[in-house]
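The values are calculated or read from the model by the stated rules, or taken from the named source; none is laboratory data. It should be emphasised that the depicted structure is a prediction, and the values quoted were computed from it without experimental measurement. A quick note on method: Cβ atoms are made from the backbone with ideal geometry, for glycine too, and the neighbour counts reach across all protein chains shown. We work out accessible area using only protein heavy atoms, side chains counted, and drop any ligands, DNA or RNA first. Shrake-Rupley method; radii C 1.70, N 1.55, O 1.52, S 1.80 Å.
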Amino acid sequence: MSDNSPVLKVRDLTVDFSMYDRGWKKRELEVLHSLDVEVGRGEIVAVAGSSGSGKSVLAHCIMGILPENASARGSILYMGEELSGIRARLLKNGDITFIPQSVDFLDPLMKAGEQIKGVRGSEEKTADVMRRCGLEKDVKDKYPFQLSGGMARRVLIASALSGDPKLIIADEPTPG
């Protein structure tokens, strides 16, 4: 793959949700239509739109976490390969990470430091990423319910950064 090839390339992505209308009538609701997005190395790409316009649907589709009643068409390539076939390996290796919109993604039974460290991290990396995200050292020993909303958002961001990802998908990153 050449240096100027996109890290992520979304082409002609259409996402539908199957839902029930009045009674037993089933219908398809199209929430994304023929969307194209490219992200190059070192590039920050923002997808802007009003509430309900499909930004989170796009993020969830890339991450492979759409609900069962959703169907997606089109192609999503990561480093030139179809993402659907290699997604599990990339997520496990930490090549692609996700910063969700909701702090409910934090495990309520796990301290913040362990969530930031993850399975690939080290104590040194955890301390460094916490410092870069503006988190005090004592945050690592707190559970999510002990964190303010902004602190919890920064824990999510630190968790995403702890594994040196090649691509970060951030769903509504600005509140934290």
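For Cα Rg over 2.2 N^0.38 Å, one of (1) 1.52; (2) 1.09; (3) 1.13 was computed from the structure I shared and the rest are decoys. Which label? It is the value labelled (3).
Pair-distance distribution P(r) for the range 1-79, from all Cα-Cα distances in 5 Å bins starting at 0: 3, 14, 22, 23, 16, 10, 6, 3, 2, 1, 0 percent.
Give the lysines whose C-alpha is closer than 24 Å to that of Lys142, dropping any in the same chain fewer than 8 places away, or say none. Of all the lysines, those that pass the test against Lys142 - Cα under 24 Å, at least 8 places apart if same chain - are Lys111, Lys117, Lys125. Per-residue extension of 0.36 nm, minus the Cα-Cα distance of Leu91 and Lys26, leaves a gain of 20.0 nm for this segment.
Estimated from helices alone, the mean residue ellipticity of the chain at 222 nm is -8000 deg cm²/dmol (sum of -39500 (n - 2.57) over DSSP H runs with n ≥ 4, per residue).
Which whole-angstrom value gives the distance between the alpha carbon centres of the range 103-176 and the range 1-57? Computed from Cα coordinates, the inter-centre distance equals 26 Å.
Normalising the average separation of contacting C-alpha pairs (under 8 angstrom, six or more residues apart) by the number of residues puts the relative contact order of the chain at 23 percent.
Specify the residue with the greatest mean-square fluctuation among Arg22, Arg153, Arg87, computed from a Gaussian network of the chain linking alpha-carbon atoms under 10 Å apart. Checking each option, the largest mean-square fluctuation is seen for Arg22.
Here the chain is assigned +1 on the Cβ of each Lys and Arg and -1 on the Cβ of each Asp and Glu. Its dipole about the Cα centre then comes out at about 240 debye. A simple spin-label model places the labels of Lys137 and Ala46 3.6 nm from each other, with each point 7 Å out along Cα-to-Cβ. Summing charges over neighbours of Ile96, with a neighbour being any other residue whose Cβ is under 11 Å away from its Cβ, gives +3 when K and R count +1 and D and E count -1. Put simply, the amide H of Gly94, placed in the peptide plane, has no neighbours under 5 Å, leaving out anything fewer than 5 places away on its chain.
Label separation (Glu38 vs Asp12): 1.7 nm, computed from points 7 Å beyond Cα along the C-beta direction.
Solvent-accessible surface (1.4 Å probe) assigned to Glu172 amounts to roughly 80 Å². The percentage of C-alpha pairs in the range 74-176 whose separation is greater than 24 Å is 23%. Tally the DSSP beta bridges in the chain and give the antiparallel ones as a percent, rounded to 5. The answer is about 85 percent antiparallel.
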